[in-house]
Every structure is written in C-alpha cells, then in structure tokens.
Amino acid sequence: MKTFLNSIFITQLFLVLAFSERVLAQKTLQDIGVSGQFFLSYEYDFYEDYETNEFTVKRGYITFENDLSDKLGIRFTQDITIDQEGDGSGDIELRLKYALLNYAMDDIGILTSPNIEMGVVHRPWIDFEQNTNDFRVQKPMMLDQNEILASADFGLQFEAGIGNELRTDQQKGLKSNPAKYGSFSVGLYNGGGYSSLEMNNNKLFEARLSLRFFPRTIPGFQTSFLGAFGKGNIPESPDFQLIGSALTYESEKVNFVFQGFQSTGDSSGRFVHPDSGSPYRLKGWSAFSDVKLFNSPVHVTLRYDELYNRDLNHLSVQQWVAGLAYIFKNRSKILLDVSRENVNALLNSDGFTRFEVVTEVRF
C-alpha cells in the first residue's frame, strides 16, 4: 500500500513535468539537479546483559530537483533505510522523503520570498531545527526521534521570511531563512509523517514562528514558537495538542538549540493509555551545541534530551550524545561519538550505550 501511494505521487508530479511546455521545448537531463547524502557507520552497543556490533547504512537520501518555470519547481528525495521489523526485516527500503511542487510567490508587503509546497512536503519545526543542528547523522531531532512531530508529511505548506534579507556579511554561518526579522511556516498534513499511511480522517495543523530580535548585532540568534493541533495517527484518533518554544543561534564557529515543549498526545498516536486509549500528557526539553575548535575543521558536539510523562510521573526517554567531528568544505563529515539512551529511566528498564564511527557523505 505504501508503494502504491508513493507511485501515485510520482505519477502526478511526472504528469506535470511531461505536459509543461517549457519542459517539452527546452529541458534536458542536464537541467535536473542531483544531490545525495549518505550516513555510513560502525556501531558498538552495550546493553546490560549483552553487546552487539555492526556495519550499517544509517540513512541515505538522493534528491532530484528541476525548475519548470521561473516560479514553479519540483523536488523528489528518495529515503534509503533498512527495514527493522516484519517479514522484510533487514531489507534495504526505498521510500519518498519529499515529492513536492514548490510555487515561489511575489513578496507580500513585509513577507519576503513566500512559497507554497504541495505533495510530500517539509513540516515547519524539524526542517527549521536542522538548519542549526546539522548533525542528523548522529540522531534524528528530539521530537522526530520520539515520533511526536515528523520532518516531512503528505500535505500543504506555506512559508515566508519577515522583512528584507540581511546584508551578505551578516549571513555568514546562517542556513535558515536570511530575512531580517525572522520567518514563519504553517501547514496542514495527514499527521503520521511521510513513512506512515493515513489511519484516520483527521488532519494535523502545525506552525512555527521564528523572530530575530537583534538582527544588526546578533543576526544568528532567533526565538521560535511552535505549535501543533489535531489527532494522533491511529484509528482511535486520540487528541494531540503541542506548544513549545526554542532559542537557536547560528554562526560559523558556534551553533546551539535549546527547546522545550508540552503536549497532550503526539502526532503518531504512540503515547496513549493501553486500556482507555486516552493520550498521555507529555513534556520535554532538548539542548544541542556544536563548537568549532579554533580555526580547524574539527568540531565538538553535545546533546541532551528528556521526555517526561506527566500522567505516569516518570521519564519516558533520557538521552545524551557527545561527538568529535571532522567537517569537510561541502559539509561531509567523519565523526566519533558516544551516546546513552535510557527508556523509562526511573523504572529501571533497559537502556544502552553506543560507541560509533560514522561518515556522512554529501555530493
């Protein structure tokens, strides 16, 4: 079924491509932009009673992009991963991470570079967070890793900057929208994420507002507010509401993210009471830092996450990650890192420690 849905999106987007007059008249294979990103690792995990180790492909992305006109663009990103469950456990899977049409609009007053995405599109918060935390190679972002919010989904999204672009010298080290006063993003989605089927008839609303309060003196510093409202993506449709905030800083030498949130339930429908099906009340926070050592390409990263179940009054997840990375000019990386994850830490359930050598290849 998942393959069938992906095929529908591919067919729809290629029909647009096939019947575009500009494509028929002018486009060739050389006009299609191709890029990729692969995470290759060796992992050694220590559990309480045993150990495991393996070479693996943690993730892989292949992206194809093309401009159909001055305002209309198309993007396909294939997500390569290893199936962890079911009859196909161990198989390498190929899924769609993005399959979207992007329409670039003219400026609307103070709103600059507004654009609309439709198809399998970005979701507001995780996409923004990864502009500052460029170490997805270590772990997914905290809310994504715990299936509370997804990074991409079937839906419709609108995004825009607030104010004109910062001066070129003020944009050094910035990967987020360079608008002077910040940016925002809103969208309507299926809710379960790009790798899940729609399990009910409800849609999820998610939004992010990021503000630069000191664009002249500290252009890399932003304060963000995020929220989501809808139902968990299971047939029982438990309630899901989330509010959160974050402080982020981007520069060539130092990057950090500090975020906190409270929610009732989650977008995947994972955090529900097994008997009543009612959503658990959650709260959590995460801190990430990336520091460049002197003028070398060597970086040190630290991250700490906590997810707390307010109804059961205990930690659901506690995790820390530390890494030493060598970063190449195109942002490819070689990392040595160690992490510790405890699930239901206050109930003494099993956790594990991981030592890892991982390479991120970009092209």
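Odds and ends about this structure:
- Structure remark: mean-square fluctuation, Gaussian network model of the chain, C-alpha springs under 10 Å; the largest value among Phe352, Phe288, Phe205 belongs to Phe352.
- Where trypsin sites (Lys or Arg not before Pro) fall in DSSP loop in the range 194-285, at most 10 other Cβ within 10 Å: Arg216
- Sparse-neighbour loop sites [GluC sites (Glu not before Pro); the range 183-247; at most 15 other C-beta within 10 Å; DSSP]: Glu198, Glu236
- Stretch gain in nm, segment Phe294-Ser195, where the contour uses 0.36 nm per residue and the Cα spacing is subtracted: 31.6 nm
- Think of it as helices only: each DSSP H run of n ≥ 4 in the chain is worth -39500 (n - 2.57), and spread over all residues that comes to -3000 deg cm²/dmol at 222 nm.
- The string of couplings for the range 72-79 from the Karplus curve (6.51, -1.76, 1.60, θ = phi - 60°) is 10, x, 10, 9, 10, 10, 8, 9 Hz, one whole number per residue in order, with x for Gly and Pro.
- Extension gain, Arg362 to Asp239, is 40.4 nm, computed as 0.36 nm per intervening residue step minus the present C-alpha separation.
- Taking amide H positions as modeled 1.01 Å from N, with prolines and chain starts lacking one, the residues under 5 Å from Gly193 and 5 or more places away or on another chain are Phe154.
- Separation of alpha-carbon centers, the range 177-251 and the range 133-166, rounded to whole Å: 7 Å
- When Leu174, Leu204 are compared by accessible area at a 1.4 angstrom probe, the order from most to least is Leu174, Leu204.
- Cross-link pairs Lys172/Lys333; Lys139/Lys175; Lys58/Lys333; Lys139/Lys231 - those with Cα-Cα distance over 24 Å: Lys139/Lys231
- Sorting Arg123, Arg75 by solvent-accessible area of protein heavy atoms yields Arg75, Arg123, largest first, with a 1.4 Å probe.
- Residues Met105 and Thr63, FRET efficiency given R0 of 25 Å [Cβ-Cβ distance, rounded to 0.05]: 0.65
- Among Gly193, Gly173, Gly230, residue whose mean-square fluctuation peaks in a GNM of the chain (springs only between Cα atoms under 10 Å): Gly173
- Normalising the average separation of contacting C-alpha pairs (under 8 angstrom, six or more residues apart) by the number of residues puts the relative contact order of the range 240-363 at 16 percent.
- For Lys58, the residues 5 or more places off, or on other chains, whose built amide H falls under 5 Å of its own are Phe39, Leu40, Ser41.
- Relative contact order %, the range 196-255, counting alpha carbon pairs below 8 Å whose residues are six or more apart: 32 percent
- Rounded to the nearest Hz, the phi-derived 3J(HN,Hα) couplings of the range 303-320 under the Karplus curve 6.51 cos²θ - 1.76 cosθ + 1.60 (θ = phi - 60°) are 8, 9, 10, 9, 10, 10, 8, 6, 6, 8, 6, 7, 5, 8, 9, 9, 8, 9, where x marks glycine and proline.
- Karplus-derived 3J(HN,Hα), 6.51/-1.76/1.60, for each residue of the range 49-61, Hz, glycine and proline x: 10, 7, 10, 9, 8, 6, 8, 7, 9, 5, 6, x, 9
- Difference of contour (0.36 nm per residue) and Cα-Cα distance, Thr223 to Phe352: 43.1 nm
The values are calculated or read from the model by the stated rules, or taken from the named source; none is laboratory data. Being a predicted model, the structure only gives us computed values, none of them experimental. Positions of Cβ are backbone-derived with ideal geometry, glycine not excepted, and every protein chain shown enters the neighbour counts. Heavy atoms of the whole protein, side chains included, go into the accessibility calculation; ligands, DNA and RNA do not. Shrake-Rupley method; radii C 1.70, N 1.55, O 1.52, S 1.80 Å.
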